[in-house]
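Each reported figure results from applying straightforward, stated rules to the coordinates on display, with no laboratory input. From a predicted model like this one, the values you see are computed outputs, not experimental measurements. Reconstructed Cβ throughout: ideal geometry from the backbone, glycine too, with neighbour counts over all protein chains shown.
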Amino acid sequence: MKARQTFVNNIGMGNLEDMEKMETRAREMFKEMDTDANGAIDPAELKAAFSKMGCRLSKSEVARMMEEADEDGDMLIDVDEFIELCAVEVNRFKACQGAQTQMCTVL
Ligand SMILES: [Ca+2]
Ligand SMILES: [Ca+2]
């Protein structure tokens, strides 16, 4: 939950309604998070990025996010997977704004 809030805040509330803007922002975030610039985010980079945003994730939280984002199972998030993750998080966040239900408790 705290991770989602941090994530969505970082994408920017103003970008949520416009998929194109969101994707542009997601690409920027990806570049910032990929500190060794190898075109993929590994668990350590993910953790570091969130702690920079002021959100400390435990090992298991990082693992859960990786699991959710990593579609091909190589334990790295590439840019397409990252954009997909952003879209999923934003949609969940929007869903949560309407109804405060169990949907909000995944992260
Ligand atoms: Ca990297
Ligand atoms: Ca992957």
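Both numbers refer to the Cα atoms of region 34-85; Rg and Dmax are 10.3, 29 Å. Dipole of the chain computed with +1 at Lys/Arg Cβ and -1 at Asp/Glu Cβ about the Cα centre; of Asn91, Met53, Ala37, farthest Cα towards the positive end is Met53. The Rg/Rh ratio of region 2-105, with Rg taken over Cα atoms and Rh as the Kirkwood radius over Cα pairs, comes to 0.94. Among complete DSSP H helices in the chain, those whose alpha-carbon atoms stretch at least 18 Å along the helix's long axis and whose mean Kyte-Doolittle hydropathy reaches -1.0 are 79-98. Counting only Cβ charges, +1 for Lys and Arg and -1 for Asp and Glu, the dipole size of region 1-89 around its Cα centre is about 740 debye. The calculated 222 nm mean residue ellipticity attributable to helices in the chain amounts to -19500 deg cm²/dmol, summing -39500 (n - 2.57) over DSSP H runs of n ≥ 4 and dividing by all residues. Which whole-number percentage describes the relative contact order of the chain, with Cα contacts under 8 Å and a sequence gap of 6 or more? Relative CO of the chain lands at 33 percent.
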